[in-house]
Protein chains: 2
Amino acid sequence: MPTINDVAKAAGVSPSTVSYVLSGRRPISAETRARVQAAIAELGFHPHAGARALASSKTNVIALVAPLRVDVNVPVIMQFATAVVTAARSYNHDVLLLTKDEGTAGLERVAHSTMVDALILMDLERDDLRIPALRRLKQPSVLIGLPQDHTGIACVDLDFGAAAREALAHLAGHGHRRIGLVGPSPAVYKRQTTYADRFLTGFLEASAELSLRTVTHPCEPGAEGVRSCLADLDAELDGLTALVVHNEEALRPLLDLLHATGRRVPDDISIVAVCPRDVATAMPIQLTSIDIPAHDVGTLAVETAMRLLDGRRVEYTRLLAPSLVERDSCREISTSHR
Amino acid sequence: MPTINDVAKAAGVSPSTVSYVLSGRRPISAETRARVQAAIAELGFHPHAGARALASSKTNVIALVAPLRVDVNVPVIMQFATAVVTAARSYNHDVLLLTKDEGTAGLERVAHSTMVDALILMDLERDDLRIPALRRLKQPSVLIGLPQDHTGIACVDLDFGAAAREALAHLAGHGHRRIGLVGPSPAVYKRQTTYADRFLTGFLEASAELSLRTVTHPCEPGAEGVRSCLADLDAELDGLTALVVHNEEALRPLLDLLHATGRRVPDDISIVAVCPRDVATAMPIQLTSIDIPAHDVGTLAVETAMRLLDGRRVEYTRLLAPSLVERDSCREISTSHR
DNA sequence: CCTCGTCGTCGAAGCGCTTCGACGATCGGC
DNA sequence: GCCGATCGTCGAAGCGCTTCGACGACGAGG
């Protein structure tokens, strides 16, 4: 492996000149630069990352802390990860992958040993124990999610409150007045990931504002969970004409169940789902849905980290506006049904 | 951030002694060791990764090159990644996540700049262009998959040939004689990932050995693909009593289709699936399946990399034996049907 | 009782890079 | 035509660690 000294000799300059050619931090004559670049290319020189990190205190690596349990939301997590890696590369950074279950210790390990310049975490809980630890690190962090007290730490997420409002507004605009919410599983609420609450709050607010009759229920996984959730919703409010589904894994069994019980979508019942685009379109009926913009969120998280790294200002809470895409699962309700 | 010098002063020893306490490469008296460790704990010392890498030429990081397109096989990829990260941590290594689409250049970048000690790649194609590049690197690599010419590079994978044989043997053992294979999508064959061929070859061999009547077909994604695949199978061989399904995403629509057309599983038709355990059990009917042991493969890949790193011998081709788990989708065929 | 080997520790060199200060050369302004 | 600023380059220091050789001290073997 050639070093910067080899390059310097080959180009007939000093090592520092090579360094300045590489970093552009000082003016170098076109002629010298060309000679140096030729030498670099010829020798196949790549600067030693460790040496660089040591001398410059920058690693050009960011940590991504992902929940790698084999979970329900695997596809979404993958999308986040993909977006983060891709975006990081576009800023000439690499990504070190950590699992959530290394917890606080893992964060401190990579931060203290200067393996990374910044951290991006996903799947934050309401009172996430990692947050105080994060504050103590010298590296900046960006959260994908919105825990309770995130003062001083940048957060990026979909605006789930607005998403709920948009879902209801859409249905109300189509004449629906009696609407049920199929929520995430109780486990999600228990895990205290705040998006569930934010969605629910938005849902209830919009329901009140629009004077709707609504009813909400969490939904256990599996066909049985869906069955009982729907039964509960029906029991608590009859004449439901629409469902908002904030539970990816419930979608499929829900559609099966509706089909089996002869309730046609959208003729008898309309549905707005909150899920990634591809899930909405992979269903037997194309679902009108509010996208979970994992790609945008991941990219934005990286951008934010980069701004933080070069000392630019950032907004500490960025909630992306939801966007509803109409497909085939909602229909205008005739006035007679209202 | 305290340095090794701070620790040395606090403990009243020289920096090299601290280093030897950390690495254990030279004997240190119990007393000194205790003093040093106390100083380390008190100061919260973590060795600087870059400095370490520079001085020792070891980074304690391995690269994981994953196909991060939003693909069909997302859950399996996640399982590989999880296993690799977890296993790597157990060897005190971290994982740098690269995307497959950085291609050869990405590999060379991280290898030449000494960011990683070893590489693990997944989703290898038959004549993968990255393989010659890998051979030129000074870091060892381990492949998850089995490309054509992998001389000198360690490979780890499920033995898909044996998996096919096991599936057929199981069905034959239950009296089935006319069996169809629902294969991966044509895109998979086109992509030249060899597992599809290995499975198919094993299937045909076993079919011959067991004197079965079999028919095989790739299966396009989506309900329509499944419908036409099944139609083709039925057309080419009537009286099918069993299906081997080597296509995760086809499972769901296939079961729907069979249900809709009144063919009961397993009463009218038996099924053996090749898919991760959790997919098999998430279906409306628990599927007898051959597991894709992503966790084991990932762990083994890391182990192999570690052996390579400390110069121990490894088997250059490790194909894990498949294991079939009986669930509810196969039944003994009565002799009258044979 | 002397020697040799081992144990425990130290000091110094060096890993490959960045960056600061210095310095000659060049150039524009008056 | 002279002075100060700017440009382009160099040398050296130093980032924090590992590792090699050296060296007392000490115990065992003859």
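Scanning the range A:23-53 for residues that are buried (at least 19 other Cβ atoms within 10 Å of the Cβ), within 23 Å of A:SER90 (Cα to Cα) and of a type in the set (A, V, I, L, M, F, W, C) gives A:ILE40, A:PHE45, A:ALA49, A:ALA53. For the range B:276-293, filtering for residues that are crowded, with 24+ Cβ neighbours inside 10 Å and in a loop (DSSP other than H, G, I, E, B) leaves 2.
If you scan the range A:308-321, which residues turn out to be open to solvent by 20 Å² or more (accessible area, probe 1.4 Å) and either more than 19 Å from A:ALA118 (Cβ to Cβ) or in contact with a strand residue (DSSP E or B) (Cβ under 9 Å, 6 or more places away or on another chain) (or both)? Explain how you work it out, then say what you get.
First, the residues of the range A:308-321 that are open to solvent by 20 Å² or more (accessible area, probe 1.4 Å): A:308-313, A:315-321.
Correct list: A:LEU308, A:LEU309, A:GLU315, A:TYR316, A:THR317, A:ARG318, A:LEU319, A:LEU320, A:ALA321.
Scanning the range B:96-109 for residues that are among the hydrophobic types (A, V, I, L, M, F, W, C) and under 22 Å from the mean Cα position of the chain (by Cα), which turns out nearest to B:PRO132 (Cα to Cα)? Selected residue: B:LEU107. When B:HIS93 is tested against (1) more than 9 Å from every other protein chain (Cβ to nearest Cβ); (2) over 33 Å from the mean Cα position of the chain (by Cα), just one condition goes unmet, and that condition is (2).
Restricted to the range B:167-221, and to residues that are of a type in the set (D, E, K, R) and part of a helix (DSSP H, G or I), which residue is surrounded by the most Cβ atoms within 10 Å (Cβ to Cβ)?
Looking only at the range B:167-221, we keep the residues that are of a type in the set (D, E, K, R), and these are B:177-178, B:190-191, B:197-198, B:205, B:209, B:213, B:220.
From the residues that got through so far, the ones that are part of a helix (DSSP H, G or I) too are B:190-191, B:197-198, B:205, B:209.
Details: B:LYS190: 10, B:ARG191: 14, B:ASP197: 17, B:ARG198: 20, B:GLU205: 14, B:GLU209: 12.
Filtering first and then ranking leaves B:ARG198.
For the range A:11-22, filtered to residues that are of a type in the set (Gly, Ala, Ser) and more than 7 Å from DNA strand D (Cβ to nearest atom), the residue that is surrounded by the fewest Cβ atoms within 10 Å (Cβ to Cβ) is A:SER19.
The values are calculated or read from the model by the stated rules, or taken from the named source; none is laboratory data. Bear in mind that the values here come from a model prediction, so they are computed numbers and not experimental data. For neighbour counting, all protein chains shown are included, and Cβ atoms are generated from backbone atoms with ideal geometry for every residue, glycine included. Each accessible area value is taken on the protein alone, full model and side chains, heavy atoms only, with ligands, DNA and RNA left out. Shrake-Rupley method; radii C 1.70, N 1.55, O 1.52, S 1.80 Å.
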